1. No partner Cβ under 4.7 angstrom, meaning no disulfide-compatible partner by this rule: which Cys of the chain qualify?
2. At 20 °C and a viscosity of 1.002 mPa s, what translational diffusion coefficient does Stokes-Einstein give for the range 650-699, taking Rh as the Kirkwood radius over Cα pairs? Give it in µm²/s as a whole number.
3. Show which lysines lie in cross-link reach of Lys664 when reach means a straight Cα distance below 22 angstrom and same-chain residues fewer than eight apart are skipped.
4. If each Cα of the range 677-752 is one equal point scatterer, what is log10 of I(q)/I(0) from the Debye formula at q = 0.13, 0.18, 0.22, 0.28 Å⁻¹?
5. Provide the packing ranking of 874-881, 292-299, i.e. peptides ordered by the mean count of other C-beta atoms within 10 Å per residue, highest first.
6. I'd like the carbon and sulfur percentage of the solvent accessible area for the range 429-519, probe radius 1.4 Å, heavy atoms only, ligands and nucleic acids excluded.
7. Run the accessible area of the range 520-590 with a 1.4 Å probe and give the carbon-and-sulfur part as a rounded percent.
8. Where q = 0.21, 0.23 Å⁻¹, what log10 of I(q)/I(0) comes from the Debye formula for the range 608-705, counting one point per Cα?
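The values are calculated or read from the model by the stated rules, or taken from the named source; none is laboratory data. In this text the structure is predicted, and so the values were computed from the model without any measurement. Positions of Cβ are generated from backbone atoms using ideal geometry, with glycine treated the same way; all protein chains shown enter the neighbour counts. Areas reflect the complete protein model, heavy atoms only, side chains present, ligands, DNA and RNA absent. Shrake-Rupley method; radii C 1.70, N 1.55, O 1.52, S 1.80 Å.
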Amino acid sequence: MIFNRILIVLILIIGFFPKVLATHNRGGQILFEPVAGQPLRYKATIIICTNEGQNIADRPKIEIQWGDGEKDTLNRLTNPPTGPNHSLNYYVGEHTYPGYGSYTLSVLDPNRNAGILNIQNSVNTEFCIKAELVISPFVSSNFSPVIDDLPCPIQICPFKKWCYSPAAYDPDGDSLSYELITPSGSECLPMLAGANYWYPNNHGPNGNSPGYQGSISIDNATGIICWDMPTIIGEYNIAIKVIQWKRFNNTYAYMGYVMQDLQVTVVGLNLCQNDAPVITPLQDYCVEAGANINFTVTATDPNNNPVSIQNFGQPFFVQSSPATFSGNTQGTSPHSRNFNWNTNCTHIRKYEYPLTFISSDIPTPPNISQSNIAVVNIKVLPPAVTGLNVVLQPNNTMLLNWNPSACNNIKGYKIYRKLGNGPNPPNCCDDNTALAMGYTFVGVADGHNNTTYIDNNAFVLGEDYCYIVTAYMQDGSESCPSNEDCDHILMTVPVITKVSVGATDVSNGVDTLVWVHPQELDTSNLVSFFYRIYRSDGFTGANTLIHTTTATNLLYLQPTQFLVNNLNTVNTPHNYRVELEYSDINSVTGNGFSNNASSIFLSATPADNQITLTWQHNVPWNNFRYDVYRVTGVNNFIYLGTTTQKSYTDTGLINGVTYCYRVKSAGKYSSPLIPDTLYNWSQELCSAPVDLTPPCPPILSIESNCEIPVNDISWTNPNNYCADDVMSYTLYYSPTQDGAFSILATFNSALDTSFIYSNNISVAGCYYVTATDSAQYGNESIASNVVCTDNCPVYFLPNVFSPNGDGQNDFFIPFPYRFVEKIDLKIYNRWGTVVFETNDPNINWDGRNMVNGEMLSDGVYYYTCTVYTIRLTGTDPVDLHGFVHLYTNENKSK
C-alpha cells in the first residue's frame with residue numbers, strides 16, 4: 001500500500017511538472033553525399049549549433065531518420081566552440097537505400113531555446129532540420145548543395161541592414177534556387193506563419209502579437225537574405241531552403257533540397273558603434289575553357305577598423321586546377337586579396353559558378369562585427385569551333401567540315417543554318433545564342449572527332465545558305481558560334497521573282513508572272529532557248545502547261561514575264577513554274593525548272609466594328625514586309641499600315657458597311673545575284689463587319705448580411721473599360737457550391753449594375769453575371785467571376801424553461817435562430833427514456849410526456865440534437881447535446 005501511494009504521488013508530481021527537455025538548439029543543417037562505388041549508399045553530415053551553457057541538454061548522440069522508415073543513432077564526432085557559450089556539433093552516418101526514390105532525412109530533437117521572439121512558446125517547441133535526397137535512375141549520383149558555413153552565433157544590430165548568404169554550391173553542377181521558409185517543429189512539420197511562427201520583420205515582442213520591423217527578403221538566385229531593419233532586441237529564427245535543379249535537355253528536374261535553420265540575435269545599440277566594410281563593385285565573367293580569370297577583391301572600412309575577406313565557392317574545390325585567393329585573410333583597411341583561376345575543359349558546365357566574398361570588420365570590443373557580401377558568377381563555356389567550311393556537292397547537298405574542338409570532353413556539335421549572312425554574335429553566354437541570331441537548328445554530329453555534316457535539305461534557288469557550328473556538352477552547355485560560311489545552289493535554271501494579281505474577277509482575273517534568266521548557266525555552246533510556263537489552282541502543283549515561248553538562239557532574247565488572263569482570282573490563288581529548254585551545237589537538249597511560286601490569297605474574318613485580314617502564299621523568296629491598303633475606287637488606295645505577320649486588323653469600322661482591301665508584299669532572295677526588292681499584290685477582297693463578338697464579362701462582387709438576411713450584389717460595367725455596346729445583364733444563381741446555375745434576374749440597362757437579393761431563408765449561394773451587347777446581335781459574354789457566400793448558422797437552446805401556464809417561458813424553444821432546415825431532437829429523463837422528440841426547428845415543447853400527454857415533473861432532462869444547417873455545400877449536420885431544467889409549481893409523477 002505504501003509503495004502504491006508513493007507511486008501515485010510520483011505520477012502526480014510528474015504530471016504537474018513539464019518534462020525536462022533540451023532547450024539548447026540554435027540552428028543546424030543536414031548535408032548528404034554519395035559513397036563512392038555504392039550507388040544506393042549515402043553519407044549524411046549533421047551540423048547543429050548549440051548553447052554550451054545547458055549541460056543537461058548536451059547531445060553526444062543524436063538520432064537521424066533516413067526517410068525510408070529506417071533510423072540510426074549517430075555519435076558526435078566533434079563540437080568545436082564558435083563563440084561565447086556556443087559550439088558546432090558534428091555527426092556523420094551512412095545508410096544504404098532500398099532503391100530509387102525521394103527520401104527526406106530529418107533530425108528531431110527537443111527543444112528550441114526559450115525566448116525566441118518569433119516562435120510561440122519556443123522553449124516547448126521541438127527543433128527539426130531536414131534535407132530531401134532524390135535518387136534517380138537517370139543520374140549516377142546526387143550530392144546535396146554544399147554550405148560551407150553555419151554561423152553560430154549570429155549577432156546583428158538594430159536599425160541597420162543585415163545580410164547573409166549560405167554561399168552554397170552544388171558539386172554536381174546543378175542549378176540552385178533559394179526560398180525563405182518557416183522552420184520545422186513538432187513531428188518535423190513546418191511551423192505555420194502567422195499561427196505559431198512569425199517572420200522576423202512581422203512579430204511582437206512576445207512572439208505572439210503582430211508587429212512590424214522593416215522588411216526581410218531573399219534573392220532566389222543568389223540566396224542572399226537581408227533584413228532591413230530590425231528594431232527589437234532579442235532572438236529570432238529563420239530557415240532557408242536551398243533547392244537543386246538538374247537540366248535534362250530543355251527541362252529542369254527537381255533533385256531535392258537542404259534547409260538551413262539559423263538563429264539571429266539582435267543586440268543592443270551600445271554594441272553597434274561601427275559600420276560594415278564596403279566591397280569595391282565586382283563584375284561577372286563568361287569565358288571559354290582555357291582562359292585565366294584574375295581580379296582583386298578590395299574591402300574598405302568606413303570606421304578604419306581592420307577587415308577580413310573570406311571566400312566561398314566551388315572553384316576553390318574543383319579537382320583540376322582549383323582557384324586561388326591569395327593574400328592575408330585580414331588586414332588594415334583598405335584590404336585586398338587576389339582571385340586567380342586557370343580554367344580548363346573539366347570546368348565547363350551549363351550553370352555559372354557562384355563565388356561569394358564576405359568582408360567583415362574587426363572592431364574594438366565590445367562592438368560586434370559588421371559584414372558585407374559580394375557575389376561573382378563565372379560561366380565556363382566550351383571553346384568556339386574553328387575552321388568551318390561549306391561546299392556545295394554535285395547532288396545539290398551541302399558538305400560541312402570543321403576542326404575538332406580543343407576540349408576532348410565535349411559530347412558533339414550542333415549545326416545551325418540561316419538564309420543569308422547572320423549578324424555578329426551577341427553575348428553568347430545567353431542560352432540559344434544561335435537561335436537568337438536568326439539561325440535554325442539543323443542537326444547534330446555526335447562525338448569529339450565527328451567533324452563533318454551533310455545537309456540534304458531541299459534548297460531553294462536564289463538563296464544563300466549560311467551555317468555556324470557550336471560544340472556542346474552532356475549537360476547542355478554550348479559554345480559560342482563558329483565562324484560563318486555560306487554556299488548556294490547554282491542558278492542554272494530560271495528563278496521566279498513575281499506572281500502578282502493584276503485584276504480581281506471570277507472569270508477575267510489577271511496574274512502577272514515575272515522571272516529572271518539563269519544567272520550561272522554557261523550558254524557559250526547552247527542554242528535554241530525557249531520557256532514553258534505551267535500553272536495550277538492553289539499553292540502547289542503547277543503541272544498544267546499554259547504557254548510556250550518562241551525559240552531564240554540567244555537566251556537574253558527570251559521574254560521574262562507573262563500575263564495570265566481569264567482567271568478566277570476571287571476564289572482561288574494560282575501557282576506557277578517556269579521551265580527552260582535548250583540544246584547544244586550537237587542538238588543535245590537540256591532543261592531545268594524553277595521553283596514553284598504562288599500569288600497572295602487574301603481572306604477576311606468580320607467582327608464587331610472591325611475586319612481581320614489574313615493571307616497565304618507559297619513563294620521561294622522571303623517576304624519581310626506586308627503593306628495593307630483599303631480600296632475606295634478604281635486605282636484609289638488608302639494605306640492602312642505595315643506588318644511582318646500574315647494578318648492585319650482594320651478597326652473603327654461601321655457594322656454592315658462593305659470595305660475592300662489589297663495587300664502588297666515586299667521580299668527578296670538572299671543571293672546577291674537577285675538584289676532588287678520583289679513586290680507582289682494580292683487579289684482585292686471585300687467584306688462587311690458584323691458584331692459576332694460578345695463583350696468582355698463584368699466583374700462581380702457581393703456584400704452579405706447574415707442578420708437580415710440579404711445579399712447586396714454589384715458588378716462592373718464593361719463599357720467603362722473594354723466594350724462600348726453592352727445593353728443588358730443576366731444574373732445567374734445556384735443555392736449550393738456544386739449546384740446548377742439558373743437565371744435569377746435580368747437587367748435591361750448597361751447602367752443597372754446592382755441587385756439586392758433575399759429569399760428570407762438563406763444567403764448561401766453562388767452568383768455570376770453576363771453582359772449582352774446590342775439587341776441586333778444579342779451576343780452574351782462568358783461568365784464573370786463566380787462569387788460564393790455562405791450562411792452563418794445560429795442555433796442555441798436554453799438550459800431552463802417553466803411550462804406553468806403563466807405566459808412566460810412556457811415552451812422549450814430555441815433562442816432566435818437562422819439558416820436551419822430541420823433538427824433531430826430527443827429529450828431523455830434521468831432513466832434514459834425518451835420523453836419528447838421532434839424534427840421541427842421551433843421545438844415548442846410544453847413539458848409534457850409525448851406518450852401520455854402528462855406534465856413531467858420538475859428536474860433536469862438530457863437532450864441530443866442534430867441540427868441540419870443550410871450551408872453553401874448543402875445541408876451540414878451539427879451535433880448538440882446538453883441539459884435543460886424544467887420548473888413547474890406542480891409535482892406530478894413521471
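1. Cys865
2. Reported coefficient: 145 µm²/s.
3. Of all the lysines, those that pass the test against Lys664 - Cα under 22 Å, at least 8 places apart if same chain - are Lys498, Lys646.
4. -0.60, -0.92, -1.15, -1.37
5. 292-299, 874-881
6. Of all accessible area on the range 429-519, carbon and sulfur atoms account for 48 percent.
7. C and S fraction of accessible area: 47 percent.
8. The Cα Debye sum returns log10 ratios of -1.08, -1.20.
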